[in-house]
1. Using the 10 angstrom Cβ neighbour count as an exposure proxy, how do 88, 57 rank, fewest first?
2. What is the gain in length, in nm to one decimal, between residue 126 and residue 34 on full extension, counting 0.36 nm per residue of separation less the C-alpha to C-alpha distance?
3. Figure the gain on full extension for residue 94 and residue 19 (residue separation times 0.36 nm, minus the Cα-Cα span) and round it to one decimal in nm.
4. Could you list 30, 85 so that the one with the fewest beta carbons within 10 Å of its beta carbon is first and the one with the most is last?
5. Name the shape class, rounded, prolate or oblate, that the alpha-carbon gyration tensor gives for segment 4-134, where a ≥ b ≥ c are the square roots of its eigenvalues, rounded holds for a/c under 1.5, and otherwise prolate holds if a/b is larger than b/c and oblate otherwise.
6. Please order 116, 96, 105 by the number of other Cβ within 10 Å, starting at the fewest.
7. Place the peptides 34-42, 6-14 in order of packing, highest mean first, counting for every residue the other Cβ atoms within 10 Å and averaging per peptide.
8. Over what distance in Å are the Cα centres of segment 1-36 and segment 75-139 separated?
C-alpha cells in the first residue's frame, strides 16, 4: 500500500509548507505520526512509505538539549532514532528505502545527523542515493 509519512511531534504538513514553500506538503496526502513508537508501528503495519518527512526533535526536552547521546536506550527517541530504525528494518527485510526523504526539522545538527545515516547507508551498500532534502536550511537537494 502506498502512502507518505510525516514525522513531527506537533506540526502538520501545511506548517512545513509555510516555511519551505514546497507544494508536496499541501498537495500530497500524509499520515502523521508523533513519536518513535507510532513511526515503528505504522511501518510494521503498512510497509515502507513512498516518501518520509522527518522532524528531529520529538519531545520538548529535545528543544533544550543540543548534544544527544543516540546510544542512550533510556532517552526519548528522536527523528534520528526513527531513521536508524527504518534503515535497519529495510536491511533486515531486504526492502528498498523510500524514494524521497525530506528532513523538515528546525534543528540543523539533528537534520545533518539524520542525513548522515542515509549517506552512510548509500556508501556502505554502494547504491544510488535516494533524494534527500534538508529543509528549511536549504530547499536544494543535498546529495553525497
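1. On the way: 88 11, 57 21.
Ranking 88, 57 by Cβ neighbours within 10 Å, fewest first, gives 88, 57.
2. Values: separation 92, 0.36 × 92 = 33.12 nm, distance 3.21 nm.
Length gained, residue 126 through residue 34: 29.9 nm.
3. Numbers: separation 75, 0.36 × 75 = 27.00 nm, distance 3.54 nm.
In short, 23.5 nm is gained.
4. Values: 30 21, 85 15.
So the residues, fewest neighbours to most, are 85, 30.
5. Rounded shape, in that the Cα axes give a/c under 1.5.
6. Fewest to most other Cβ atoms nearby, the residues stand as 96, 116, 105.
7. 6-14, 34-42
8. 16 Å
Where a number appears in this text, it was derived from the coordinates with a stated rule and is not lab data. The structure displayed is predicted, hence computed values, not measured ones. Every residue, glycine among them, receives a Cβ derived from its backbone with ideal geometry; neighbour counts consider all protein chains shown.
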